[in-house]
1. How high is the FRET efficiency from residue 330 to residue 129, r the C-beta distance, R0 41 Å, rounded to 0.05?
2. Want the number for residue 166 to residue 407: 0.36 nm per residue separation, take away the alpha-carbon distance, what's left?
3. At 7 Å along the Cα-to-beta-carbon direction for both residue 301 and residue 196, put a label point, then send me their distance in nm to one decimal.
4. Under a point spin-label approximation (7 Å from Cα along Cα-to-Cβ), what is the residue 144-residue 122 distance to one decimal in nm?
5. For 275, 290, what's the fewest-to-most ordering of other Cβ within 10 Å of each Cβ?
6. At 7 Å along the Cα-to-beta-carbon direction for both residue 106 and residue 246, put a label point, then send me their distance in nm to one decimal.
7. Is the range 114-250 rounded, prolate or oblate when judged by the Cα gyration tensor, a ≥ b ≥ c being the square roots of its eigenvalues, rounded requiring a/c under 1.5 and prolate requiring a/b larger than b/c?
8. Please compute the length gained on full extension between residue 343 and residue 239, using 0.36 nm multiplied by the number of residues separating them and subtracting their Cα-Cα distance.
Amino acid sequence: MNFPPQNLSSAQEKGAAGGSSTTESTEGNLIEVARRVDGGRAAWMTLFGAWLAIAATFGYTYSFGIYQDLYTRSHAASATRVSWIGATQVFLFIATGLPAGKLYDKGHFRVVVALGSVIYVFSLMMLSIAHTDKYYQLFLSQGVGMGIGGGMVYVPALAVQAEHWRNRRTLAMGIASCGVPVGGTFFPIMLNQLLHHSVSFGWSVRASAFLVLGMLVVANFCMTAYPRKSANTSEQPTKLKDLITDAPYMCLAIGGIFIQWGLYFPYFYMQLYTILHGMDPTFAFYTLTIMNGAGIPGRILPNLLAETYGPVNMIAVASIGCAILAWSFFAVKSVGGVVAFAIIYGFFAGAWFALLSPVLSKMSKNEKELGIRMGFAFALGSIGALTGTPIDGALLGSTFPWSKPIAFSAVRTSRIVPFKFPKLMPGACRQ
């Protein structure tokens, strides 16, 4: 970026007259301006690293439907107890965003992401040596360990995009979050192929763990965060009290609780639903892949449109689409119905997840509070993620009356009222 010569000379003259402190302030401002570019090697490498990290962590989480089907049909535990493993993983994955986001705001990006990567890979390796009939081993490794480790990676990997992108921030965050459906498409295929072709449970999980390890190592080397400048004494750090009293922000956060109560039901139960309805098991193994694959354009196209129409308006459309499709699950009875539902639902659900971070970014006063805003909103939403699918499992029981969990999820997903007031959030409605 070229700076006007007169500005530089003026700054230097003021620095000479005012002392070294003014010179340092001017140099800091020049550095601040120089890095505010939408592009460049650091920005693209950070975007690629975030995409890899999210694919290896949150993308892998989206393959839990494979484990739900495996654990349930092998009688490792009831559908409800198995759901608690996946629900706890998603809950901790999202809730850990609060401390991780706060640490990111304090300038500890690299330490948090590296530590989270180590915890995540270690927990996945522990899952590979767990006994599938030992529920506590599955819960601790897959539910608790992978949830905490992945959460330490997810929020900082998204938040750091704000340091490298301005005009294209919404699209950049959408591309980064696109790692979720990519991982959610690849890992179910990999696990199904290994588990159903005479490869043991341990080595199937271990093979995926080695792949995740490689992806996270590359991601940690690719992502960069700029050093935090010393805080201005007149500028108070954002506190939780400030967030709680921010009405538009809390409307969005509370709305996230309701919609996530029902949003994960198809991701956890679609494969089991398809098999128990007498469809070809080979086809059932690919239902998650179809749904997650549809999330790839769902996480890019709406984010691209959000640059024109505003992220809040687009997330409202995505919320309404998810609510309508949740009710349409009652009509899914055939292979064609499953494919159509998986594609359309995957698109709208992917759009909702991808647009949430840009909306929170637009509502932040500055980059220094982006981490805590994202983390707190994600932590609240994790309440719905934690309790939603176990309730679905309890409603299924041992007789599998599918109408009950479908109705529960549809009602909860339809609670989109907090997203219908974009006028309350003018800063988030426009680019």
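Please treat every number below as a calculation from the coordinates, not as lab data. The model shown is predicted, which means the values in this text are computed figures rather than measured ones. When we count neighbours, we look across all protein chains shown, and the Cβ atoms used for this are built from the backbone with ideal geometry, even at glycine.
1. My answer for the efficiency is 0.50.
2. Full-extension gain reported as 82.6 nm.
3. 2.9 nm
4. Going from the residue 144 label point to the residue 122 one covers 1.3 nm.
5. 275, 290
6. Computed distance between label sites residue 106 and residue 246 equals 2.0 nm.
7. prolate
8. 33.4 nm
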